[in-house]
Amino acid sequence: MRHGKRWIAAAAVLAALAATGCGSSGGGDGKVTLSYATWSDDQKPAMEAIAKAFEDKHPDIDVQVQVLPWPEYWSTLQVGAAGRTAPDAFWMLADQFPAYAKGKQLLDITDAVKAAGVDLAAYPKAVLDLYDVDGKLYGLPKDFDTNAIWFNKALFDKAGVAYPDDSWTWDDAREAARKLTNPAAGVWGIAAPIDRQGGYYNSIYQAGGKVIGDDGKAAIDSPEAISGLQFWTQMHADGFSPTLKQLSDTEAVQMFMDQKVAMYFSGSFWAQRLYGDQALRPNVGVAPLPKAKQRATMISGILNAGYAGTKHPKELAEFLIFASGKDAAVIQAKSGAVLPAYQDTQQGWLDAMPEFNLKVFVDAVDYSVPLPIAGDAAKWTGLETQYLGPAWEGKQSAADAARAYNTAINEVLAQ
Amino acid sequence: MTTDVASPPARQRTRRRAGGLLPSPGWGYLMIAPAFIGLVAFYVWPFLTTFGKSFMDVPAFGPGTFTGVDNYTELLADDRFWQALRNSALYTVILLLGVPVAIVLAALIEQVSRGRALYRVLFFLPVVTLPVAVSMVWRFIYNGDFGLLNYVLSLVGVPGQYWVADATFTIYAVGVVGIWMSLGINLIILGAGLQSIPQDLYEASSLDGAGRVRQFFRITLPLLSPSVFLVTVLTVISALQMFDLIFVMLRSVNNTALADSKTIVYLFYEKAFVEFDQGYGAAIAIVLLMVIMAATLVQFRLQRRWVFYD
């Protein structure tokens, strides 16, 4: 055992050193092979169909769809870009976009889009605005999403509550939540997670508030914004929602699918998953979000973007234009995966799931507000649990939480 | 041959002859090159870049600017850093509690005459299973509403808890999974150590009237101490690197307990990969390295008091 001692020391040093290292993984490379990174298993078939349609038109190009797990999508992409091994094409989100655009990591396709004669009016303006940096195009919108009330008809019927409709105000929603909540049956009226896109951003704008003000500074400490937060914190105070701890253990969408919550305010992107559940399908209804001072919903969308360090910029630009074009939009719509961004292709999505009143999501574009983005958005949105959690748990008033979070956002924006 | 081994001049002669057979000492370097290149590329080089970055302000993309020890002074003034350090220390203590458990289990498995391999396999399974998969399963077990643990507790009248969403329990809940996951490898190391203990010591001592318990403390433990030491050192290192269990079991935007349960490596991940602050992240990694080095050094110092090498 004597030299065992030295061996232990060597092993210990190696293990310690390993703590500082970090790995990276790379994309593929062939004759002309383009990799296309996404994070959705649900949408994989549609993305592969789009890749196939593109390959049929360009036999010399091979497009490989990669699905990265959502929790590590952004770290993988960032490490890939820093290590020059990022995928050629990938999905981009608005809150991550500024860092990549400013870091010169995205392929500028302004000229290619112009040469291809793409009409930008075919895309929702609010989504284009999300990805606007000094007039250059770093990709084209793939899809868009708006929010509405997903509700469970069976639970509404059982409680004898009329289904939500476009006349609903916050008071109607509260009243329905009260009647639908049935602790004995383990049923809650509404799911109230800390959810900016499907939840409190919408209510802040419905109340007439803003998340980021016109001066570019945080504005969630205004009386209107605070009342938007209170819409949610009050649901918890009244016991109309599963607690935050419950929603941490079991996602809100899962609670809705388990038919434990009667209403879930969220995005169009759940349609396919809810539709796929045979037992749930007949019970699912869709209605517009309730209004307060005004009607409002967040609109967001994924951008098909390309990596500036690609070996095949010309082919990549062609692929990006195709993947956000009309043919690809029709494929996406038919699959039911998501609402395509290209104009007049949404009917296919509605037809794919006729039992659901999905038109609500398309009509919502008229009163939609682009997802608020400013500065290092990923950094300050990452603070929401820390600052808003106590208000959701009833440990702090919504007003105090809003003021503290407002200060924290402004500190990040000032950096 | 026996005389050759015993006499130094003979050994000298053999070595010189062996040297003459090879063209040059360069051969030796060539032989170790694969391992050496790997070591430099995957350990030394990342370490040096990390060390360099810890003195820089590095944006998400592109080169950084030199800022001296700014990252370190910011780090030392950051409450979140100290909290993470405390959490990591607590995880380490909890995981160390698993070492006595492993010793007892290893000794018990040695006693089993049939199916010993089966037990080893059962305990080793978590080691070869993906940590993410293991964490997912435990997340279900710990679920406050539908979890298996709360169901079992309800049978004996104990009220259920939100084990991974309530800051009172998170660290312990994750620690238990950590112990369970490291058990397999520890049992292998300790089992090998147990088998190297000469059987005649037990026979002699039982002739002298020593019971099982006395034998365990007087023979087994002292002679097992090098293996126990190795297990302890490795446990401390892996506990200080705890990340994946927290990432999978606690990460939810609705989990207010996460902020109180972050380890030092989780904080590093957040800084470097979520907030894109690589310089600060690098500084955390360097501090972690020093903490691990110090912890290991202390253990090597302390081993003189309790580890017996024959």
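Brief remarks on what is shown
- Summed side-chain charge close to residue A:48 - residues other than residue A:48 whose Cβ falls under 14 Å, Lys, Arg +1, Asp, Glu -1: -2
- Taking Lys and Arg as +1 and Asp and Glu as -1, the other residues whose beta-carbon sits under 11 Å from that of residue B:220 total +2.
- Residue B:43-residue B:140 FRET efficiency (beta carbon distance; Förster radius 41 Å; 0.05 resolution): 0.65
- In percent, rounded to a whole number, the relative contact order of segment B:78-306 is 29, using alpha-carbon pairs under 8 Å and six or more apart.
- In this rough spin-label picture, where each label sits 7 Å from Cα along the Cβ direction, the residue A:44-residue A:366 distance is 4.0 nm.
- Fraction in percent of alpha-carbon pairs per bin - 10 Å, chain B: 5, 18, 23, 23, 17, 9, 3, 1
- Per-peptide average of other Cβ atoms within 10 Å, ordering A:292-305, B:172-185, B:189-202 highest first: A:292-305, B:172-185, B:189-202
- Summary value for segment A:303-355: 25 percent relative contact order, contacts being C-alpha pairs under 8 angstrom separated by 6+ residues.
- Counting protein heavy atoms only, the protein assembly as shown has 60 percent of its accessible area on carbon and sulfur, 1.4 angstrom probe.
- Convex hull volume per residue for the protein assembly as shown, taking Cα atoms only, in Å³: 224 Å³
- Hits among lysines - C-alpha to C-alpha of residue A:395 under 22 Å, sequence gap 8 or more where chains match: A:245, B:262
- Pairwise burial A:B, computed as accessible area of each alone minus the pair, summed, 1.4 Å, Å²: 4200 Å²
- Listed residue pairs exceeding 22 Å between alpha carbons, taken from A:379/B:53; A:136/B:271; A:44/A:311; A:102/A:217; A:210/B:271: A:136/B:271; A:44/A:311; A:210/B:271
- Per residue, the convex hull spanned by the Cα atoms of segment B:149-306 amounts to 158 cubic angstrom.
- Approximating the spin labels as points 7 Å out from Cα along Cα→Cβ, the residue B:74-to-residue B:195 distance works out to 5.2 nm.
- Taking amide H as placed 1.01 Å from N in the peptide plane, residue A:189 has its amide H under 5 Å from the amide H of A:181, A:182, A:262, each at least 5 places away in sequence or on another chain.
- Shielding of B:246-255 by partner chains, average beta-carbon count, 10 Å: 6
- Formal net charge of residues neighbouring residue A:274 (Cβ-Cβ distance under 15 Å; K, R +1; D, E -1): -2
- Estimated purely from DSSP H runs of n ≥ 4, each contributing -39500 (n - 2.57), the mean residue ellipticity at 222 nm for the protein assembly as shown is -16500 deg cm²/dmol once divided by its residues.
- For residue B:163, distant residues with modelled amide H under 5 Å away: B:144
- Semi-axis lengths, largest first, of the ellipsoid equivalent to chain A are 37, 29, 23 Å, with √(5λ) applied to each eigenvalue of the Cα gyration tensor.
- Per-residue mean of C-beta atoms belonging to partner chains within 10 Å, peptide B:288-301: 3
- Taking each residue as 0.36 nm, the span from residue A:132 to residue A:171 lengthens on full extension beyond its C-alpha to C-alpha distance by 10.3 nm.
- Here is the P(r) of segment A:120-227: all C-alpha pair distances, binned every 10 Å from 0, give 11, 31, 30, 19, 8, 1 in whole percents.
The values are calculated or read from the model by the stated rules, or taken from the named source; none is laboratory data. Just so it is clear, the model here is predicted, and its values are computed rather than measured. Using ideal geometry, Cβ is built from the backbone for each residue, glycine included, and neighbour counts are taken over all protein chains shown. The area values use the complete protein model at the heavy-atom level, side chains included, leaving out ligands, DNA and RNA. Shrake-Rupley method; radii C 1.70, N 1.55, O 1.52, S 1.80 Å.
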